[in-house]
Each structure stands twice: as structure tokens, then as C-alpha cells.
Amino acid sequence: MSSLAKKAHPLLNSLPPFLTWRALGFRTICSGRLGFAPSDPDPPTHPVAGTKVLETFREEFEIGSRLITLETGKIARFANGAVVLGMDETKVLSTVTSAKGDAVRDFLPLTVDYQEKQFAQGVIPNTFMRREGAPKERELLCGRIIDRPIRPLFPAGFYHEVQVMASVLSSDGKQDPDVMAANATSAALMLSDIPWGGPIGVIRIGRICGQFIVNPTMDELSLSDLNLVYACTRDKTLMIDVQAREISEKDLEAGLRLAHPEAVKYLEPQIRLAAKAGKNKKEYKLSMISDRTLEKVTNLAEARIESVFTDPSYGKFERGEALDQITQDVKKTLEEECDEESLQVLPKAVDTVRKKVVRRRIIAEGFRVDGRQLNEVRPVYCEAGNLPMLHGSSLFSRGDTQVLCTVTLGAPADAQRLESLVGPPTKRFMLHYSFPPFSINEVGKRVGLNRREVGHGTLAEKALLAVLPPEDDFPYTVRVNSEVMASDGSTSMATVCGGSMALMDAGIPLREHVAGVSVGLVSEVDPSTGEIKDYRILTDILGLEDHLGDMDFKIAGTRKGVTSIQLDIKPAGIPLDIICECLEHALNGRLQILDHMEREISAPRTQDDRNSPRLATLKYSNDAIRRLIGPLGALKRKIEEETGARISVSDGTLTIVAKNQSVMDKVQEKVDFILGREIEVGGVYKGVVTSVKEYGAFVEFNGGQQGLLHISELSHEPVTRVSDVVSVGQQLCLMCIGQDVRGNIKLSLKAASPLPGSGTKNVVEGSVPVSKEATNVWASDGDVANGQNQELLESKDDFPGANPSTSSTPVILIRSAAECDEEEKASGLGKTSKSKPKSTVASKSNHKPKKSPIQNDESDSEFLSSVLFSSANAKGSTSFSQKEREKISESLFGTQNGDDDHCNFTSQLDTHDNKGVKPEALITTKNLKLGTKVVAKVYQVRARGLVLDLGGGIRGMYRFENDGKKDFEVGDELKVKCSSFTSKGIPVMLLEDEE
């Protein structure tokens, strides 16, 4: 057609495109003419063909100064019921559908799915697929908020599958959509043809400075000490969910009585909307038990069931086996009578008879299944710190219910990241509840997130969150893991009790203990009016009482007030007066449990020598923190990999979490070396020699600061050349002795070294100052294990040498090389150094600096590998193969553990002037000390020195001088004197004529 028009009108080929735009009023080229289309001054009001007309119905009302709208008919028209509820700029869609089957089952398969998609706040999901994944915890919890109040209102015997799907269409972040979704679901059920006993109203109440707030915003909730979600019909309560900061029972009752009339305001708009757009209720088939079947099962089983329930000696499983046997006997009787109708509903009929027997006995006689009084709590057993390897642990038992709780502490960066539409972005306190199948002696399969487990864990988490210290005082991430070991009712409340004790066992400063108890209800209803004629409140209900009763009212709190509540009911509502009466019963039961918990642990534990973590928060400038992190965080990751600690960085704050104190010391040492710390005169620092001059050496320490080590501060003895004592790359322990007016730092090596013959102890960085008379005693592990040195046993945790012995005689006990290795590894003495080890003290002989054996280069390893000795007090001498000797030699004198080990080890040794002491006849690890003279035999002649047999299984070394004689033979006896010890405890000997 277009080509034909162009042939008829050649001018159209050159027509500008904008002249054919319909919006300008031009005719289309299909009209055959060129010109303006005639304008119609009065366009038709009837719908244009092909346009869908959407008939929408809308209701507007106001609650708590918030304008709320209910709308239906515009979207989701095929659903059985669909409602969009709006508050401000937040809109939630809820739809309801039901299956068309015959519903051959004995329960209501109600499914509630709540979803928050990121498009509701204009965000693309931050996942790999850029799609929403499995339901998050918050979505499961919001689904439970919707499920719990609507489930009791379905008629008895209605077992058709029903699905509720609620989704957030848009969110402004001001309102929590969960309560909105619950009200929208109630309106959708009212519009549908599904039989349901609604409508219901759901309201949220907050409290700021003692004033209650209806429908608070998220900002107001952050300041509120109460978060109450309340659901009800016109005259009865259906569901309560509370998170509070120790609110009193009196104030909580006031909040409940305010919430009820506010929630009722949601009912009339739903009724008006259903009158305009609702469907007629459909007749569904109800699965009811006939009176004939119920009467027959009652006659066959009632007496035997009552005998089981009146015997308190039955345990949970014994009672269950007895009841199952009764059911099997009734089944055999019905099979003999060929009563197929009764056989189909037999489990439901037997359960109805059980319920009737238990409830009648409780109301008439006031006795429960296990023989307890109505207000009596089951026996409680508490144990804190039962797993000492963990940060915190506890075991809590109440009756047959048993829960194991553990606590793990982490850095602030370990906090859980949340991606919800409202609320905080992270969560630093987590409680994970697990209900394994073995806890009820069943076989099951562990799958993903379970709605029940998430709900119970969140209830306990809210209960404990109220007593945690503020984030400013305790900015660490805490994870509580609750494992149900055995279940017979109220495992969530047992989790609260066990979690509180485990937190205190971990040393977390809780304000008070938190305990929880579950309260039940058994009522007698007038069948004609549906009103409750009589009722009994049960404290600390069993699992069977939960199943056969009317209510499971979980209340947790401290002695001061309530911290969390969760109410689930089975009938179609309970009067609010009864609910408020239960609060007093719960308080009495809670106080009984708190008494048991406080007897076990009443205050947070202090940090001890267990594997409790060490947490440190340091303040630095942002420039210093950037130096620590390094390019792309490489330096920070390297420190974490080397030490196993976790480092968290925020604005000006550095948080370190270590498994124990030794790991914390390593991390802080590395951080101090990179970032530095304030220089103090008299402080001891570790540094690396960067350059050697004629007048001294320059040392880099404390995060890149430079200091001068003058030649006069190298040793207590005169030094002729600086290079004879120190070399470039060598690590030293130095003391700051002053700073001049220009800020130049003066360092001293001799001030950090022992004075020869003084008997004073060397100063080690971070050590505890001790008096001159105090002396350190090092013993072999065998001595400590055998109890031969009680003083060392007391100071073993502070090794090496923070708590000195009170012995007046300086004694050095020599250990085997293997013992030295184990001791130094445990004490964190082993460090790495890229430089060759050098001696730090000059010899007295001829006023010439004499090199210690630890100065030898790699060629000395052959000589030093044979210098092995064993402890005389050990159970047996230690022997080593050649391969082991070479390995120890490399670790002693190679490029590792050199001067740093020497610096740490020799700082613990005390010198003692033993001139004139006669050579010992028998050398042991106890009497061999500095200055001890002994007659030794040449055990082996090496290229660079001698291996000497000192007796008692101890061997020492003697190194040749450059001009020394080498005409020794094996077996020669030499008079020698102990001059020093290597970093591994090997004695270094000098000939008497060399003194």
C-alpha cells in the first residue's frame, strides 16, 4: 500500500519526515490525500475499541496519624483475592488462592510466602545472577507474622490447600511492610470465596520516653524501648510479638490495652471493601469426624488413655509408646468390624479423645500429665563453661528439655550483612537455633533454613539483645549457637536461659541474666455461645500440653522486666484479660529459673588462661591506618595470615581479635613496628640496624623511626670498632635513653643488656619490673611435670620470666635441645631475621672482642650440629639422628631464629661471679651455671672448635680463635669455665688460661 501511494503521489518521496508525524495532525499516507486531518471538537466519551476498563475499588482511613488505603481490582485480577495496601509511599500486594481438590488430609496446608525484592527501593541485587535468591531470614519471619494470626480463623475440618503470597511493590524506608502485609492478607481473604472467620487487625506500637506511639516509623523504632506487634479480632487476641528493653508487666499490659482498639480500626474498611468487591463464600467440603465414630473410639480408648495420663511415672517416650499401643488396639478392633469410615479418621479421633481427657483432668482436678501443680516449674539443671576450649558455653536442662549453647566472639567486620528494605544494614549479635531430629528420637534430613528454627532463634535473640552492652562499649560481633539436645517443650525459652549463661561465661558484660518460660492455657467453652466458661493457666508447659492445650505464650525477661514475647494460639481468639493474667504467672516462673542460673554463674567471667579470645581496640590517625592496610589491603591480609588474628578497620579505629594472648602479642608487635608507638625514655624497643658508621650505628625501630646507637652505648666493655659488635640488618633490643632538642633519639644496647657480674636481670619489652634480689628460674618440662619446682610451676603461664622466683641463688637449669624448641615455640620466642646473628657483648680477654659461637656462618653448622646435650633430670637422655642434628643446627645457627632468639633468651639469664669455685666433680643441669669451672673431656674435634663432654650427659662447645691452637685430641682433659649459653641452652666454654 505504501508503494502504491508513492506512485500516485510522487511528491511524497521528497516529503520531510516530520510532516508525516501524526501528532502534528497530518493525515496518514494511507488516506490517499495530503493535508490536515479534521479536528473533532467533541471527542466520543465511550471507550475506544480494544481498551481494557479496570474497575477498581478503594477504601481510605486513618490510624495513628497515617493515611492508609486499601485497593483491589487493578492488578492480580485472577487471584482469588488480591489487595494493595498503601501507607505513605510504601505499597504491599497480598494475594490469596486455594486448591480445588478434595482435601484428603488431617491438617490445614497453609503456605505464606512474603518477599522483598530490591526493585522496591530502586536497587539491583548485589548477587552474581543479579536476582533474588532463597528467602532471607527476615522474609521468613514476616511470613510467620502473617501466618500466626490468620491460621486459627479457618473453620474446623477445612483442609484445602491455601497459599498466601505477599510482596512489597515499593518502599520509602519509613514503614516496616510486615504489618501492612498482614492487614492486606486479611483484606484479601475477606474478598475471596475461601471460608474464613475474619477480618483481623494488626497494629504496631512503640514507646519513646514513656509515650506510646501507634504505627511508628523506622526512625522512631530505633529510639523506642518497645516494639509490639498485636493482632486481634473485634473482641479477642490472636497474636502478640514483642521486643522490649526490660519493660515492666504493668507497662506492657497498658501497651496491649492500647493496641487492641487501634487494631480494631482496620476491621470496618475491610468489611466495606468486601461488601463492594467481595465474592460469595464457596461451599468447601469439610473433613469432620462423625459423632458415631467419635463415640465408638471414645468407648474403646478413653479409659486406657486416662490411666496413662494419670500415671506421672511415665516419661515422654514411655507415655508415647503406651498411647501408640492403645491406638493399634483400637485399629484392630475397627478392622475386625470392617468400619472403613472410622479407620480413615482414626488418628484424628484418638487425638480428640486424648485432648478431652487431659483438659478435663486439668480443669476439674488441677493436676497435669506429669503430676506437677499448675504453677510449678520442672527441675532445672545449669552448667556453665562445660566446654573450656570455646569462648563461652553452657548446658541448660529443664525437665527433659536440654539445650547446649556456645558463644563465639569476632571482630566488627564479622557482623552479618543484611539486605532488607528497612532496618539496619548489619547485625552484630546473632543467635542460631538448631533442632536436630535426634532431639525427639526421630530420623530426619537436614535441609536449608527452617521457618520454625528461624522463628525460635529470633525470639531468643531478641530476648538477649536487650541486656547486651552498647556497641560503643562492646563493639564486637557475637554469635550464639543453640543446639537442642532433647526436646519436651519450650526449647526456645531454654535457649534464652542457656544463651544468657554462655554469654556470661564468655566474659561479655551483660547487665543481668535473662530467663524464659512458656505459659499454657486450658479452657472450657460454652458450645452455644463460644464464650469461655472456665480456664486454667499452666506454667512451663510440656510438649504434650502445648499440643493439646489452647495457647503457647512464651515470655522472656530479667528480674526488672520483659524483653521478648511470642504468643501462638489454637482457638479463634483468647480474651485480652486472660492474656494479661498470664504475665504474672510467667514472672513467678521466670524468677524461679533465674535463681538457679545465678547460683551457677552470677557475673561475667574475667579473662583467664583458657582459650578465651583477646580483643583490643586501638586509635590511630587515618594516615597510619592506611600504612597498615597497604596497597589493596595486602599488608593487612599478610598479618592476618601469619598470625591467624582478625583485623577490622574503621574511621580512626583498629580492632584486633586474637584467639589467645600470644597471638595478640604477635599482632600488636607487628602493628607497633609498622605504625609505631609513642617513644618513652626508658622504654625497650626492637629495631633493625640500617647503617654502621665509625661513631655508631643507625637503627630503624617503632614503625620507621630512626635512632642513633653510639659506640659508647654498645657494650659495658670498651669497643674499638662498631662493626665488631653490630652489622647491617641485625635485630637488637635497645633502650631509649634520651632525645635531644631536635628530636633525635638516642639508643643504648648496654642499658638493655645485663651488667657483667651484677646479678641484675635484663629488661625485656613488656616485662614486669622486678627487684634485684628476684631471679628467674627456668626448669625443664620434666621437672615441672614431676613437681620438682613448684615456683616455676606457678609462673609457667607467664613464661619466659614475668614472675621471678624468690630463690636467692641464681641458678640456670639446662634443658635438652628438643625441650628448648618446644619451650620457645610455646613462648613465641622464635622470630625470623634475614641477617646473620651477631654477638652483642664483647669478651674480656685481652680487651679484644671475642666472637660467640652464635656468630658462625653457614660453614659452622657442621661443627655445631654435634653440640647436643640432654637434661640429667629427664627420664632418659635424648638422642638425635644426623638428619635431626643438621636440622637443629640450621635452626640454631642458620638464617633463622638468630639474634632475636639470642636477645630474648639472654635477657632472662643472670650473671653470677663464681671465681674461685672448684671444678665440679659431677655436672648436672642444676649446678651448671655461669662461671662454673669443670674438667671436661674432648668429645670431638671439629674444624672450628671442640665438642666437650662436661659429664652428666651434658655437652658444651669451645670455638677456636683465629690464632688458636688446633692440636687437641679426643679424650684430652681440659679445665674450662662456663662463659655463656646459646639461645638453645648450649653452654659455651672458655679455657682457664684464656680468662
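The values are calculated or read from the model by the stated rules, or taken from the named source; none is laboratory data. The structure displayed is predicted, hence computed values, not measured ones. Every residue, glycine as well, gets a Cβ built from its backbone with ideal geometry; the counts of neighbours run over all protein chains shown. For the accessible areas, the whole protein counts, side chains as well, though only heavy atoms, and no ligand, DNA or RNA atoms are used. Shrake-Rupley method; radii C 1.70, N 1.55, O 1.52, S 1.80 Å.
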If you go through VAL123, VAL179, the only one that is aliphatic (A, V, I, L, M), more than 18 Å from LYS236 (Cβ to Cβ), without any contact (Cβ under 8 Å) to a residue 12 or more places away in the chain and not in a strand (DSSP E or B) is VAL123
Could you tell me whether VAL164 is open to solvent by less than 10 Å² (accessible area, probe 1.4 Å) and either part of a loop (DSSP other than H, G, I, E, B) or over 27 Å from LYS285 (Cα atoms) (or both)?
no
Please specify each residue of segment 174-227 satisfying the condition of being more than 27 Å from LYS250 (Cβ to Cβ), of a type in the set (A, V, I, L, M) and surrounded by fewer than 17 Cβ atoms within 10 Å (Cβ to Cβ).
MET218
Filter result for VAL104 (over 23 Å from GLU137 (Cβ atoms) and at pLDDT below 90)
yes
Working only within segment 472-481, note down all residues that are open to solvent by 70 Å² or more (accessible area, probe 1.4 Å) and more than 25 Å from HIS456 (Cβ to Cβ).
ASP472, ASP473
So, in segment 289-306, how many residues would count as being in a helix (DSSP H, G or I) and either of a type in the set (A, V, I, L, M) or in contact (Cβ under 8 Å) with a residue 60 or more places away in the chain (or both)?
6
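A quick yes/no check of all residues on (1) farther than 28 Å from LEU449 by Cα; (2) β-branched (Val, Ile, Thr); (3) crowded, with 20+ Cβ neighbours inside 10 Å:
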{"position": "ILE63", "(1), (2), (3)": "yes, yes, no"}
{"position": "LYS74", "(1), (2), (3)": "yes, no, no"}
{"position": "VAL84", "(1), (2), (3)": "yes, yes, yes"}
{"position": "VAL92", "(1), (2), (3)": "no, yes, yes"}
Among the residues that make up segment 234-241, is at least one of them part of a loop (DSSP other than H, G, I, E, B), among the β-branched types (Val, Ile, Thr) and touching a helix residue (DSSP H, G or I) at 6+ places or on another chain (Cβ under 8 Å)?
no
Candidates GLY687, GLY644, GLY630, GLY707, filtered to the one that is farther than 30 Å from MET389 by Cα and surrounded by fewer than 16 Cβ atoms within 10 Å (Cβ to Cβ)
GLY630
I'd like to check something: does segment 515-532 contain any residue that is over 23 Å from the mean Cα position of the chain (by Cα), open to solvent by 10 Å² or more (accessible area, probe 1.4 Å), aliphatic (A, V, I, L, M) and closer than 30 Å to VAL350 by Cβ?
yes
Quick count over segment 483-511, residues being closer than 16 Å to PHE429 by Cα, open to solvent by 10 Å² or more (accessible area, probe 1.4 Å) and of a type in the set (Gly, Ala, Ser), is 2
Restricting the first residue to segment 703-723 and requiring it to be more than 18 Å from VAL688 (Cα to Cα), which pairs with a second residue that is at pLDDT below 85 and charged (D, E, K, R) meet a Cβ separation below 9 Å and a spacing of at least six or different chains?
GLU717/LYS844; THR720/LYS848
Among (1) within 27 Å of LYS282 (Cβ to Cβ); (2) outside any loop (DSSP other than H, G, I, E, B); (3) among the hydrophobic types (A, V, I, L, M, F, W, C), where does ILE194 come up short?
(2)
Regarding segment 302-324, can at least one residue be identified that is acidic (Asp, Glu), open to solvent by 50 Å² or more (accessible area, probe 1.4 Å) and more than 24 Å from GLN344 (Cα to Cα)?
yes
For the condition in a loop (DSSP other than H, G, I, E, B) and either under 30 Å from ASP540 (Cα atoms) or small (Gly, Ala, Ser) (or both), what is the one hit in ALA603, ALA634?
ALA603
Residue check, ARG257 against (1) touching a residue at least 40 places away in the same chain (Cβ under 8 Å); (2) part of a loop (DSSP other than H, G, I, E, B); (3) of a type in the set (Lys, Arg), all met but one. Which one?
(2)
Can you confirm whether PRO155 is surrounded by 21 or more Cβ atoms within 10 Å (Cβ to Cβ) and either in contact with a helix residue (DSSP H, G or I) (Cβ under 9 Å, 6 or more places away or on another chain) or at pLDDT below 95 (or both)?
no
Looking at segment 107-122, can you tell me whether even one residue there is closer than 30 Å to ALA349 by Cβ, surrounded by fewer than 16 Cβ atoms within 10 Å (Cβ to Cβ) and out of contact with any strand residue (DSSP E or B) (no Cβ under 9 Å at 6 or more places or on another chain)?
yes
Report yes if some residue within segment 538-545 is crowded, with 24+ Cβ neighbours inside 10 Å, of a type in the set (Asp, Glu), in contact with a Ser or Thr (Cβ under 7 Å, 6 or more places away or on another chain) and closer than 23 Å to HIS432 by Cβ; otherwise report no.
no
Any residue at all in segment 382-404 that is within 17 Å of GLN592 (Cα to Cα), at pLDDT 90 or above and surrounded by fewer than 14 Cβ atoms within 10 Å (Cβ to Cβ)?
no
Matching residues in segment 653-706 - criterion: being polar (S, T, N, Q), under 38 Å from the mean Cα position of the chain (by Cα) and in a strand (DSSP E or B)
THR653, THR655
Report the residue count in segment 102-140 for those that are hydrophobic (A, V, I, L, M, F, W, C) and touching a Gly at 6+ places or on another chain (Cβ under 7 Å).
2
